[in-house]
Amino acid sequence: MLTLYAWGTTNGRRALIMAEECGLPFELREIDIKRGDQKTPEYERINPYRKIPALVDSDGPGGKPATLFESVAICFYLAEKTGRFLGSPADHPNVLKWSMFHATNVLFTMGSLGRIEDPAIWQGSNAQMDAMNRHLAGREWFADDYSIADIIPFTRVHGVKHDKVNMADYPNVTRWLERVAARPAVQKAMSRKFG
């Protein structure tokens, strides 16, 4: 049994989208970060960093329990557990490189928009959007098929609302966002009410 500990943030919804997409039964436990639930001793045993999300798999590798934290790690773990969303063997390198591009660049830079007023953040966000926009020209997904390379950046890019990053300048990204948002599992995860 999978137990997902999350809240309605971009990171929490990323893990929730992945859990919904995989189709495995799971229990969602809300960790109200405004109330400080992530700082309880019980939760700290699951995630010593005291952030959300976290995942506990009672049937992990070798039939032993596995505990994970960090939304990207949860995406990779569930993709590997189900054998889905990792691309074909020939396309797997594309899934890896775009997943890592998003995890190491997009999540931080675009997450900083509105929190850090720095021209370097605005320039970095636009450069990353431009790279994504050029790559998505004439294609539906970051790799050949829908994968974790699409799941990982979706909640962060979907939430971009900043006067220095104009989404209208990136029509291929906008169409990609619409395709991801139309998926039933994504709709379910994004419409989930927390608190």
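Throughout, read-outs are computed from the coordinates displayed, never taken from laboratory work. For clarity, every value in this text was computed on a predicted model and none was experimentally measured. Backbone-built Cβ (ideal geometry, glycine too); neighbour counts: all protein chains shown.
Hey, of (1) 60; (2) 48; (3) 55, which did the structure itself give for percent of Cα pairs over 22 Å apart when calculated?
So the structure-derived entry is (2).
Please list 163-169, 52-58, 188-194 highest first by mean number of surrounding beta-carbon atoms within 10 Å per residue.
Going by the mean number of other Cβ atoms within 10 Å, highest first, we get 52-58, 188-194, 163-169.
HN-Hα J couplings of region 121-137 from phi, Karplus 6.51/-1.76/1.60, θ = phi - 60°, integer Hz, Gly and Pro as x?
5, 5, 5, x, 4, 5, 5, 5, 4, 4, 4, 5, 4, 5, 5, 7, 4
Per DSSP helix of 4 or more residues, -39500 (n - 2.57); summed, then divided by the residues of the chain. What does that give at 222 nm, rounded to the nearest 500?
Value at 222 nm, helices only, nearest 500: -14500 deg cm²/dmol.
Structure shown: which of 51/193; 39/81; 39/161 lie over 24 Å apart, alpha-carbon to alpha-carbon?
39/81; 39/161
Extending each Cα 7 Å along its Cβ direction at residue 181 and residue 145, get the distance between those two points in nm, one decimal.
2.6 nm
If we sort 45-51, 60-66, 4-10, 82-88 on the protection proxy, mean other Cβ atoms within 10 Å, highest first, what's the order?
4-10, 82-88, 45-51, 60-66
Calculate the translational D of region 48-99 in whole µm² s⁻¹ from Stokes-Einstein, where the hydrodynamic radius comes from the Kirkwood formula applied to all Cα pairs, the temperature is 4 °C and the viscosity 1.567 mPa s.
Translational diffusion coefficient: 106 µm²/s.
Rounded to whole Å and sorted largest first, what semi-axes of the equivalent ellipsoid does the C-alpha gyration tensor of region 92-183 yield via the square root of 5 times each eigenvalue?
21, 14, 11
What is the sum of charges around residue 187, taking Lys and Arg as +1, Asp and Glu as -1, for the other residues whose C-beta is under 14 Å from the C-beta of residue 187?
For residues surrounding residue 187, the net value is +3.
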